[in-house]
Protein chains: 2
Amino acid sequence: MRVEIWSDIACPWCYVGKARFEKGLAEFAHRDGVEVVHRSFELDPGRAKGDTAQVIDVLAQKYGRTREEARAMEANVAGNAHAEGLAYRTEGRDHGSTFDIHRLLHLAKARGRQDELLDLAYRANFAEERSVFDDGVLVELGVEAGLDRDEVLAVLADPGAYADDVRADEREASELGANGVPFFVLDRRYGISGGQPSEVFLKALEQAWKDRAVTALTTIGDDAAACDADGSCEVPQPEASV
Amino acid sequence: MRVEIWSDIACPWCYVGKARFEKGLAEFAHRDGVEVVHRSFELDPGRAKGDTAQVIDVLAQKYGRTREEARAMEANVAGNAHAEGLAYRTEGRDHGSTFDIHRLLHLAKARGRQDELLDLAYRANFAEERSVFDDGVLVELGVEAGLDRDEVLAVLADPGAYADDVRADEREASELGANGVPFFVLDRRYGISGGQPSEVFLKALEQAWKDRAVTALTTIGDDAAACDADGSCEVPQPEASV
């Protein structure tokens, strides 16, 4: 079974939601049969690289609130994070373009290190004093995740690298009806929006697992040469399909 | 879009079918949006590790044919392979248990090197004088595919490593109605059996691509904290789900 999770590094509910999903997954009997894929979604796609600002200021501006009110919003998220055992700093966090992080997450996916890099990026952004909008930090995170430093540098140096993959993920989120993140899709059959409690994820996994065997495939193509389950690879007559 | 391919290293039509699929994929306009995953299927699951025999002898015994007739069957496959530009040796190939190769292909999947290892294993088995039933050769192939030698050795030394993944793939093939390989599944919607001509794969990809946007997801869970597409992460009232 496959779970796809659309998220953004800059999204606190994605950080909290990932922990809740993983808690639900840990209690799921068939967890070893679940493959998780992370997909890209930018909350602020119009923001240029290098254009960073303090999160508190961005929040205050976006909602027309005082900085104190913005701090209270952050404190609410922090409470939810702490309940999941996650550290969360409410001050000093940067807001900026996450496009390059998403490109690196696609490199990490190709190298089997995506979940590692995502966890490190969340931790850097939400729990540590490290700006994920700084190329030097991104290189460090990539190397910590097990990526090759030169490959990370090459992707950062080429703005086109994995750019289409990021945009394809975002287009797909839109096609699937996601209007926010985190957005969880189970076997392209069930959609779960937001940082739900872990029990909701567990129930969804159980539902999707129960349904997966009943998928009826539509067959394409006539008979063609194959090796049967009994090991037989014989082709009785000259292959019709050649 | 995701394409899953069930196959066995010992299956000549899987070797040929992979090349035909890739030829179809290369002509597909949206090929960059296609993710390919290889899944395990053993043609001879009852065979013990170390119990190897010459393919010609196994074929002759299985079909009650003479070795000359078995050679003619192999020559037929070789002709199909050559038509795809693939080398194929009809003599001296071993038959044996492919369980360990499948376990290594799962390690390679986790490290983003699955396609590389599968190509190398096919080449070793069908085109080169290297027995994929020899642990030393498997270690070489793993390292050539970009895996860490110690990780490959650790998987080979522990018969339980990735064993459940191999069995889960095989169970899933059965649930999806596959009774032979290669078996191609597009977005869990279309099934294609056998080493079809590349045009069949191209048409199937086009059909599956056309259909992918219309998937309607079933929503699970009530409203929960999320960051909206406009960047808003505000939670108006204390989160109901906590």
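The values are calculated or read from the model by the stated rules, or taken from the named source; none is laboratory data. All figures in this text were calculated on a predicted structure; none of them were measured in a lab. A quick note on method: Cβ atoms are made from the backbone with ideal geometry, for glycine too, and the neighbour counts reach across all protein chains shown. All accessible areas refer to the heavy atoms of the entire protein, side chains included, with ligands and DNA or RNA removed. Shrake-Rupley method; radii C 1.70, N 1.55, O 1.52, S 1.80 Å.
Matching residues to (1) in contact with a Phe, Trp or Tyr (Cβ under 8 Å, 6 or more places away or on another chain); (2) over 23 Å from B:PHE183 (Cβ atoms); (3) open to solvent by less than 30 Å² (accessible area, probe 1.4 Å); (4) of a type in the set (D, E, K, R):
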position: B:ASP32; (1), (2), (3), (4): no, yes, no, yes
position: B:LEU59; (1), (2), (3), (4): no, no, yes, no
position: B:GLU91; (1), (2), (3), (4): no, yes, no, yes
position: B:ARG111; (1), (2), (3), (4): no, yes, no, yes
position: B:GLU116; (1), (2), (3), (4): no, no, no, yes
position: B:LEU120; (1), (2), (3), (4): no, no, yes, no
position: B:ALA124; (1), (2), (3), (4): no, no, yes, no
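Is at least one residue of region B:158-166 part of a helix (DSSP H, G or I) and at pLDDT below 95? There is at least one residue in region B:158-166 that is part of a helix (DSSP H, G or I) and at pLDDT below 95. Being without any contact (Cβ under 8 Å) to a residue 60 or more places away in the chain and among the hydroxyl-bearing types (Ser, Thr, Tyr) is the filter here, so list the residues in region A:66-93 that pass it. A:THR66, A:THR90 - these are the residues of region A:66-93 that are without any contact (Cβ under 8 Å) to a residue 60 or more places away in the chain and among the hydroxyl-bearing types (Ser, Thr, Tyr).
Listed here are the residues, each with its yes/no results for (1) over 30 Å from B:LYS210 (Cα atoms); (2) touching a residue at least 24 places away in the same chain (Cβ under 8 Å).
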residue	(1), (2)
A:GLY136	yes, no
A:LEU147	yes, yes
A:VAL152	yes, yes
A:TYR190	no, no
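What pairs can you find where one residue is in region A:163-179 and open to solvent by less than 10 Å² (accessible area, probe 1.4 Å), the other is of a type outside the set (D, E, K, R), and their Cβ atoms are less than 6 Å apart, with a gap of 6+ or different chains? Between residues of region A:163-179 that are open to solvent by less than 10 Å² (accessible area, probe 1.4 Å) and residues that are of a type outside the set (D, E, K, R), the close pairs are A:VAL166/A:SER40; A:VAL166/A:HIS102; A:ASP169/A:SER40; A:ALA173/A:TRP6; A:ALA173/A:PHE41. With the condition kept exactly as written, say whether any residue in region B:180-194 is open to solvent by 10 Å² or more (accessible area, probe 1.4 Å), more than 7 Å from chain A (Cβ to nearest Cβ) and farther than 30 Å from A:ARG71 by Cα. The answer is yes; a qualifying residue exists.
The set of residues from region A:195-227 being more than 8 Å from chain B (Cβ to nearest Cβ), open to solvent by less than 10 Å² (accessible area, probe 1.4 Å) and within 23 Å of B:ARG171 (Cα to Cα) comprises A:LEU205, A:ALA208. Of all the numbered requirements in (1) surrounded by fewer than 14 Cβ atoms within 10 Å (Cβ to Cβ); (2) under 22 Å from B:GLU129 (Cβ atoms), B:THR66 misses one, and that requirement is (2). Which one of A:LYS23, A:LYS109 is under 30 Å from A:ASP187 (Cβ atoms), within 9 Å of chain B (Cβ to nearest Cβ) and part of a helix (DSSP H, G or I)? Checking each option against the conditions leaves just A:LYS109. Listed conditions (1) closer than 19 Å to B:LYS18 by Cα; (2) assigned to a helix (DSSP H, G or I) are all met by B:TYR88, apart from (2).
Scan region B:1-16 for residues that are more than 9 Å from chain A (Cβ to nearest Cβ), crowded, with 24+ Cβ neighbours inside 10 Å and out of contact with any helix residue (DSSP H, G or I) (no Cβ under 8 Å at 6 or more places or on another chain) and the total you get is 0. The numbered conditions (1) within 26 Å of A:LEU153 (Cα to Cα); (2) hydrophobic (A, V, I, L, M, F, W, C); (3) buried (at least 20 other Cβ atoms within 10 Å of the Cβ) are all true for A:ALA53 except (3).
In region A:29-48, the count of residues that are touching a helix residue (DSSP H, G or I) at 6+ places or on another chain (Cβ under 9 Å), in a helix (DSSP H, G or I) and not basic (Lys, Arg) is one or more. When every residue of region B:149-156 is checked against the conditions, none turns out to be touching a Lys or Arg at 6+ places or on another chain (Cβ under 9 Å) and either modelled with pLDDT under 95 or within 14 Å of B:VAL3 (Cα to Cα) (or both).
Restricting the search to region A:191-229, which residues are of a type outside the set (Asp, Glu), under 29 Å from B:ALA229 (Cβ atoms) and in contact with a Lys or Arg (Cβ under 7 Å, 6 or more places away or on another chain)? A:GLY195, A:GLN196, A:PRO197, A:SER198, A:PHE201, A:ALA208, listed by residue number. Pairs are defined by a Cβ separation below 8 Å, a sequence spacing of at least 6 or placement on different chains, a first member in region B:114-131 that is among the aromatic types (Phe, Trp, Tyr), and a second member that is buried (at least 17 other Cβ atoms within 10 Å of the Cβ) and in a helix (DSSP H, G or I); the pairs so defined are B:TYR122/B:CYS14; B:TYR122/B:TYR15; B:TYR122/B:LYS18; B:PHE126/B:PRO12; B:PHE126/B:TYR15; B:PHE126/B:ALA81.
Can you pull out every residue in region B:70-85 that is within 13 Å of chain A (Cβ to nearest Cβ), in a helix (DSSP H, G or I), open to solvent by 30 Å² or more (accessible area, probe 1.4 Å) and in contact with a helix residue (DSSP H, G or I) (Cβ under 7 Å, 6 or more places away or on another chain)? Let's see the steps before the verdict.
Here is the first cut: in region B:70-85, the residues within 13 Å of chain A (Cβ to nearest Cβ) are B:70, B:72-84.
Remaining after also requiring in a helix (DSSP H, G or I): B:70, B:72-83.
Within this subset, residues satisfying the condition of being open to solvent by 30 Å² or more (accessible area, probe 1.4 Å) are B:72-73, B:75-76, B:79, B:82-83.
B:MET73 - this is the single residue of region B:70-85 that is within 13 Å of chain A (Cβ to nearest Cβ), in a helix (DSSP H, G or I), open to solvent by 30 Å² or more (accessible area, probe 1.4 Å) and in contact with a helix residue (DSSP H, G or I) (Cβ under 7 Å, 6 or more places away or on another chain).
For B:ALA19, indicate whether it is without any contact (Cβ under 8 Å) to a residue 12 or more places away in the chain, open to solvent by less than 50 Å² (accessible area, probe 1.4 Å) and of a type outside the set (Asp, Glu). Reasoning before the result, please.
Working: without any contact (Cβ under 8 Å) to a residue 12 or more places away in the chain: no; open to solvent by less than 50 Å² (accessible area, probe 1.4 Å): yes; of a type outside the set (Asp, Glu): yes.
For B:ALA19, the condition - without any contact (Cβ under 8 Å) to a residue 12 or more places away in the chain, open to solvent by less than 50 Å² (accessible area, probe 1.4 Å) and of a type outside the set (Asp, Glu) - is not met.
Of the residues A:VAL214, A:VAL132, which single one is in a loop (DSSP other than H, G, I, E, B) and modelled with pLDDT of 95 or more?
Working: A:VAL214 fails: modelled with pLDDT of 95 or more.
Only one candidate qualifies: A:VAL132.
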